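Please read the structure below before turning to the comments.
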């Protein structure tokens, strides 16, 4: 395995470390990741069922990896576009979609580092943007939220599933992952609210969903889903 132990502090260093890590992990099948994808999509559908229409809803799966979330989503929406900075993950995603007989207009992924600039993704806008188990990897959740909000249609929703910070503020991620996880304590409701509202998203709400064991520590972690809505002008 490659050596990822060097301290990472700048946003570009975190991005490079994550790209390297997930490029390496792309061809490892993790049942844990598949189960998390299933449980997170189920939690979103249970909480906001009206957002999932198999005839109308066009979704972005941001930081899609090899497609654990997209494969769950595609059953309940018209189309899913995955986005990730890991080329190896995107290649695996598209190969698996093709093997399932899915057409590119139903489920596909692109390798891109989105900036929220005009013309990205050929100008596509989405009814929902979903990001599962990845926000803790982003140095600035404020900037990430701003970028993702820019891809929403008016009235569209950003849905984020991640690990909730504990009230005592303890570290939740072991040292071996600190080079790819800037939010080592998880994410608090206040941090999420500030990021969403700072990006102009309205109707912020968050729900605790389930507990799952962290593979690296064996601890039970509390997961949540958060939603914000792009206002209609």
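Among the conditions (1) in contact with a helix residue (DSSP H, G or I) (Cβ under 8 Å, 6 or more places away or on another chain); (2) within 20 Å of residue 219 (Cα to Cα), residue 134 misses just one, which is (1).
Of all residues in the range 137-157, those that are closer than 22 Å to residue 221 by Cβ and modelled with pLDDT of 95 or more total 3. For the range 112-127, taking the residues that are on the phi > 0 side of the Ramachandran plot and part of a loop (DSSP other than H, G, I, E, B), the one that is surrounded by the most Cβ atoms within 10 Å (Cβ to Cβ) is identified as 116.
If you check 74, 131, 64, which single one turns out to be crowded, with 20+ Cβ neighbours inside 10 Å, in contact with a strand residue (DSSP E or B) (Cβ under 6 Å, 6 or more places away or on another chain) and over 19 Å from residue 162 (Cβ atoms)? Result of the check over 74, 131, 64: 74. Filter the range 197-213 for residues that are in a strand (DSSP E or B) and in contact with a helix residue (DSSP H, G or I) (Cβ under 6 Å, 6 or more places away or on another chain) and give the result. Across the range 197-213, the qualifying residues are 201, 204, 206, 207, 209, 210.
State the number of residues belonging to the range 170-192 that are part of a helix (DSSP H, G or I) and either under 15 Å from the mean Cα position of the chain (by Cα) or in contact (Cβ under 8 Å) with a residue 24 or more places away in the chain (or both). Total meeting the criteria: 5.
Just to be sure before I move on: is residue 51 under 19 Å from residue 229 (Cβ atoms), crowded, with 24+ Cβ neighbours inside 10 Å and in contact with a helix residue (DSSP H, G or I) (Cβ under 8 Å, 6 or more places away or on another chain) in the structure I sent? Answer is no for this residue. Among the residues of the range 85-99, the ones that are closer than 26 Å to residue 225 by Cβ and loosely packed, with under 12 Cβ neighbours inside 10 Å come to 0 in all. For the range 157-169, the criterion of being touching a helix residue (DSSP H, G or I) at 6+ places or on another chain (Cβ under 7 Å), part of a strand (DSSP E or B) and free of Cβ contacts under 8 Å to residues at least 24 places away in the same chain is met by no residue.
Taking the listed residues 186, 169, the one that is at positive phi, modelled with pLDDT under 95 and buried (at least 20 other Cβ atoms within 10 Å of the Cβ) is 186, with no other qualifying. Any residue at all in the range 9-19 that is part of a helix (DSSP H, G or I), more than 16 Å from residue 126 (Cα to Cα) and modelled with pLDDT of 95 or more? No: the range 9-19 contains no residue that is part of a helix (DSSP H, G or I), more than 16 Å from residue 126 (Cα to Cα) and modelled with pLDDT of 95 or more. Total residues in the range 109-124 satisfying the condition of being closer than 13 Å to residue 152 by Cα and touching a residue at least 40 places away in the same chain (Cβ under 8 Å): the figure is 2.
What about residue 140, is it out of contact with any strand residue (DSSP E or B) (no Cβ under 9 Å at 6 or more places or on another chain) and surrounded by fewer than 22 Cβ atoms within 10 Å (Cβ to Cβ)? Answer is yes for this residue.
Selection of the range 36-72 for residues being in a helix (DSSP H, G or I) and within 12 Å of the chain's Cα centre (by Cα) yields 36, 37, 40, 41, 68, 69, 70.
The values are calculated or read from the model by the stated rules, or taken from the named source; none is laboratory data. Note that the structure is a prediction, hence the values are computed from the model and not measured. Backbone-built Cβ (ideal geometry, glycine too); neighbour counts: all protein chains shown.
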